[in-house]
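Remarks on the structure that follows.
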Amino acid sequence: MNDFRFAPDAQRARLIDHRMRTLLGESLEHIADQIRGQISFNEEQLQNIATRLKQGEKYPPSTFAIYTELVKILLAGNFAEAEGLLAELLQENPVTNTPQIAPAPSQQVTETFTSRLGETMKLMESTIPELAGEINALISQIIMVVPDSESDYRFDGGSSYMMWGGLFLNALSHENEIALLEVLAHESAHMLLFGFCRDEMLVSNSDDELFPSPLRFDPRPMDGIYHATWVSARMHWAMSQLINSGQLTQPQLELATSHMQADKVNFENGYGVVKQHAKLTPTGRAVMQPARDYMDSVPN
């Protein structure tokens, strides 16, 4: 039975992570069976990676990304390019001491962000240990990025089903521990949702259908609206836990309260769109209801 409880749970996160890696290992074995005799590759090396994945070893997000591109190329029948991707995949190695930190281009930016991230994780571990445990179970690599200064859209962070375990964070934003903690709660919640929908999508709306998003100024597909809505509830929960910890300074308390209030507005706005327009799958309904229940429990 799937566990779609709303609150963070490190043990559940470890099980989800293990399942995602097992599925990748099984798929690599299937690919090997299908391409044997058609593409040259080192079967022993590929089987070794598949076995280690099924045993739960943490390969980096790049392993999942290469696999995704490999599947696309194989389906297109481009075996010459697939051979090169397979060779690249076989160079992948497990990672240890996760989450790893991938630096930004600037050493100064890297040092500043790494220091703030360390302080933020200390704060999270002392105030919201269950969230810290879940993040450590789901995230294998944090990748610092520096956005395009000419863009009209501010990029705070991102993640992708096709790069399982990878978390992209804007190394120039999140100017304090409260803001950075909230974005960690935000992006790790997306990762959790990716894990929840490994067997069934959350919504069945077409990606061509666009709707107002609570966290974006541009219309988004319903899957994105669903994610933003559920994630807003998780961010609200994280801020409420911080506030109730009694460990914040007055400025931090005021900032966390402001973020929490905005998260509530964003959830309700998003939920209204989901309720009116989403074609929810059984998984989508089962995942959203605990978030709705949590927000209903919040005092006005």
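The values are calculated or read from the model by the stated rules, or taken from the named source; none is laboratory data. All values derive from a computational prediction rather than experimental measurement. All Cβ positions, even for glycine, are placed from backbone atoms using ideal geometry, and neighbour counts span all protein chains on display. For accessibility, only protein heavy atoms count, side chains too; no ligands or nucleic acids. Shrake-Rupley method; radii C 1.70, N 1.55, O 1.52, S 1.80 Å.
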Probe 1.4 Å - accessible area at H277, Å² to nearest ten: 70
Carbon/sulfur accessible area of the range 151-271, % of total, 1.4 Å probe, equals 52
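Skip the ligands, DNA and RNA, and give the accessible area per residue of the chain with a 1.4 Å probe, whole Å². Don't skip to the answer; put the middle values down first.
Working: 14320 Å² over 300 residues.
Per-residue value: 48 Å².
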Using the membrane-span-like helix rule (whole DSSP H runs, Cα extent along the own axis of at least 18 Å, mean Kyte-Doolittle hydropathy at least 1.0), which helices of the chain qualify? 61-75, 177-196
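If each DSSP helix of 4+ residues adds -39,500 (n - 2.57) and the sum is divided by the residues in the chain, what number results at 222 nm, nearest 500 deg cm²/dmol?
Numbers: 10 runs with 181 residues, N = 300.
Per the formula, -20500 deg cm²/dmol.
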Projected onto the charge dipole of the range 1-125 (+1 at Lys/Arg Cβ, -1 at Asp/Glu Cβ, origin at the Cα centre), which of Q11, L75, S115 gives the Cα projection farthest towards the positive end? Q11
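Determine the dipole magnitude for the chain: charges of +1 sit on the beta-carbon of Lys and Arg, -1 on that of Asp and Glu, nothing else is charged, the reference point is the Cα centre, and the result goes in debye to the nearest 20. Write out the running numbers ahead of the final one.
On the way: 22 positive and 39 negative charges, 140 e Å.
Approximately 680 debye in magnitude.
How much of the accessible area of the range 56-97, in percent, comes from carbon and sulfur atoms when a 1.4 Å probe is used?
Values: 1090 of 2080 Å².
Its accessible area is 52 percent carbon and sulfur atoms.
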For Cα Rg over 2.2 N^0.38 Å, which listed value, (i) 1.05; (ii) 0.96; (iii) 1.21, comes from the coordinates shown? (i)
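Provide the packing ranking of 157-165, 239-247, i.e. peptides ordered by the mean count of other C-beta atoms within 10 Å per residue, highest first.
Details: 157-165: 20.2, 239-247: 17.3.
Ranking the peptides 157-165, 239-247 by packing returns 157-165, 239-247.
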So how much slack lies between A286 and T51, counting 0.36 nm per residue of separation and subtracting their Cα-Cα distance, in nm? 81.4 nm
With all protein chains in place and a 1.4 Å probe, L210 shows an accessible area in Å² (nearest 10) of 100
Assign unit charges at the C-beta atoms only (+1 for Lys and Arg, -1 for Asp and Glu), then state the dipole size of the range 201-300 relative to its Cα centre in Debye, rounded to the nearest 20. 160
Taking 0.36 nm per residue of separation between V71 and E268 and subtracting their Cα-Cα distance, the length gained on full extension comes to 67.1 nm
Rounded to the nearest Å, what's the spacing between the alpha carbon centres of the range 264-287 and the range 19-59? Just the number, please. 37
